[in-house]
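Below: the structure, in structure tokens.
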Amino acid sequence: MGSLWLAGCGAGDDTGANPPVFVETPPAGEGATAPGPAEMPANPAEPGAGAEASNPDLGLAPSAPPGASAPTTPEQPTTPALPPGLLFGNGRLVGGACTFVCSNASTDPDAQGQTDGWGFERGRSCLTPESQLALQNMPCDIPELAPLPPIPAEIPEGNTPRPAGVLSRGFFVSGGRLFDPVGADFVMRGINHPVAWFQGNALVWLDEIATTGANSVRLVWETNRGSPDILRASIERSVELGMVPMVEMHDVTGDGDVNGPANMAQYYVDELRDILLEFEPYLLVNIANEWGDFNTTDAEWVQAYRQAISVLRDAGLNHTLVIDGSNWGQRGATIVAEGAGLLEFDPQHNILFSTHMYQDYENPQSILDVMRGAQSEDLALIVGEFGFQHGTRNGQPIPVPYTTMIDEAARLGLGYLAWSWTGNSMDVGYLDMSESGSASQLTGWGDDIINGMNGIRSTSEPASIFAAP
């Protein structure tokens, strides 16, 4: 969605941190008063940080376009409560994140023999059992890890073979469809989840999301959120729960700098490459959330993503790459018009396109045009975000005919992921699917998408690699 960033409260000390404030606000249509989907996170990486001005050079989205008034900074929302019974204590809250306690202290000394209370087990940092960090911080619980499901070595009879030249050990596209690692058609039915802004709490909420029947989850991440340990743990837990994780980088939301997607791709290469390779069989990579503003041309969109594709492929990352439409993700017509050329440019021909449906899709026909247009061009398409309303016109909410989308998605077998599980600020709190992070406290919006006609529970099928034998 379209994004305008405003800094909220700074983080606290190492005993915890205030949750970030974020808002989903897609770009406003003609005459609308709100700019586009915008998350407004605080920056826990900088304790005591005050408000920051929008600045494309810092990776922040530009101000609202002429004719659209910027929203006021939302009040700090109440921290969503953890579901009952989850604070058993196999971790400790450090900087707002629930961090594992190591089984022993053997990995704590660094190469120079110094100890600092941090060890390393199972591919992640952890607190040594008798360290001050482990003894003084509040207990929390991270679900115990289980072995990842193995990927069958053979393609089952009748499944779609991996096209020649596709090097991915995981998902791939062919003939306008998305397939899992063993060539079974996979239709995403998922939920967007703000991992970057809620860290350890968000990790716990994955178990709640899994109870909805969701077969996929889109994990929000940003380059300034510190150690990727929480992201890695979120990917791993998603896989354990049978949900296909899709990571997205949020820094350049609504930004018009043509180098934005390539910059996000370089972060994947520099900071997340080992994680991406470790989970390649299960993982989708959404290069950049909603890059491109109102003025971004189709040619600039193609140029920006050619650069990003080259960065990732040259680094040996062979995943299915997910590419959002421009104009804060909403310009699906660009995907229909230019997607085939971008797919051809990718040496792996392994691109999944994503449009975000907010107030630019106020007319139901515009929804049908994009979904059917992508199908006619043999482009694999998902609706990566959507809501039931967004923005205002003459003081009234602009409705989004999302039922048209989910009905057509069911008819065509196209994927969708709703925005978002919990934690939206007051301005767009109506987009929370859960009131507290618990699946037992769904909002009306959440209940409709999960339990309604053609909703997640009635249409979601797990990827075949997760299906019970």
Practice problem: Determine the gain in length on full extension of the stretch residue 458-residue 443; use 0.36 nm per residue of separation and subtract their C-alpha separation, reporting nm with one decimal. | Solution: 3.6 nm
Self-check item: Amide H within-cut-off set for residue 352, under 5 Å, with H built and near neighbours excluded
Solution: 321, 322, 323
Quiz item: Using 0.36 nm per residue, how much length does the chain from residue 396 to residue 349 gain when fully extended, once their Cα-Cα distance is taken away?
Solution: 12.6 nm
Self-check item: Size of electric dipole in segment 172-459: Cβ of Lys, Arg +1 and of Asp, Glu -1, about Cα centre, debye, nearest 20
Solution: 440
Quiz item: HN-Hα J couplings of segment 403-415 from phi, Karplus 6.51/-1.76/1.60, θ = phi - 60°, integer Hz, Gly and Pro as x?
Solution: 5, 4, 5, 5, 5, 5, 4, 5, 5, 8, x, 10, x
Quiz item: For segment 172-459, what is one quarter of the convex hull surface built on the Cα atoms, given in nm²?
Solution: 13.5
Exercise. Return the long-range amide H neighbours of residue 416 (sequence gap of 5 or more, or a different chain), with a cut-off of under 5 Å between placed amide H atoms.
Key: 188, 189, 190, 383
Quiz prompt | Computed E for residue 114/residue 153 - FRET, C-beta separation, R0 41 angstrom, nearest 0.05 | solution = 0.40
Quiz item: Nearest 20 debye, what's the magnitude of the dipole of segment 330-387 about its Cα centre given +1 on Lys and Arg Cβ and -1 on Asp and Glu Cβ?
Solution: 100
Quiz item: Going by average Cβ neighbours within 10 Å, how do the peptides 305-318, 255-268 rank, with the highest at the top?
Solution: 255-268, 305-318
Quiz item: Applying 1/(1 + (r/R0)^6) with R0 = 30 Å to the Cβ-Cβ distance of residue 125 and residue 167, what FRET efficiency is obtained, to the nearest 0.05?
Solution: 0.45
Self-check item: Separation in nanometres of the label points that stand 7 Å from Cα toward Cβ, at residue 135 and residue 426
Solution: 4.3
Practice problem: Calculate the spin-label point distance for residue 211 paired with residue 337, positioning each point 7 Å from the Cα along the beta-carbon direction, and give it in nanometres. | Solution: 4.7
Quiz item: Of 352, 254, 289, which is farthest on the positive side of the dipole of segment 172-459, counting Cα position, with +1 on Lys and Arg Cβ, -1 on Asp and Glu Cβ, and the Cα centre as origin?
Solution: 352
Practice problem: Describe numerically, in nm with one decimal, the distance between label points set 7 Å from Cα along Cα→Cβ at residue 303 and at residue 107. | Solution: 4.5
Quiz item: What are the residues whose amide H is under 5 Å from the amide H of residue 398, where those residues sit 5 or more places off or on another chain and H is modelled from the backbone?
Solution: 390, 391, 392, 393
Quiz item: In which sequence would 353, 100, 345 go, from the one with the fewest C-beta neighbours within 10 Å to the one with the most?
Solution: 345, 100, 353
Practice problem: With θ set to phi - 60°, apply the Karplus curve 6.51 cos²θ - 1.76 cosθ + 1.60 along segment 364-376 and write out the HN-Hα couplings as whole Hz, x wherever there is a Gly or Pro. | Solution: x, 5, 5, 5, 5, 4, 6, 5, 6, x, 5, 4, 5
Self-check item: Whether segment 170-289 is rounded, prolate or oblate, judged on the alpha carbon gyration tensor where a/c under 1.5 counts as rounded
Solution: oblate
Self-check item: Student exercise, segment 182-316 dipole from Lys, Arg, Asp, Glu Cβ charges, in Debye to nearest 20
Solution: 260
Quiz prompt | Karplus-derived HN-Hα couplings along segment 269-279 (A = 6.51, B = -1.76, C = 1.60, θ = phi - 60°), whole Hz, x at Gly and Pro | solution = 5, 6, 10, 10, 4, 5, 5, 4, 5, 4, 9
Quiz item: If you stretched the chain out fully between residue 273 and residue 376, how much longer would it get, using 0.36 nm times the residue separation minus the C-alpha to C-alpha distance?
Solution: 33.6 nm
Quiz prompt | Which of 449, 414, 391, positive extreme of dipole for segment 311-469 (C-beta unit charges) | solution = 449
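None of the figures in this text is laboratory data; all of them are computed from the coordinates on show. Here the structure is a predicted model, which means the values were calculated and not measured. With ideal geometry, Cβ positions are generated from the backbone for all residues, glycine too; neighbour counts draw on all protein chains shown.
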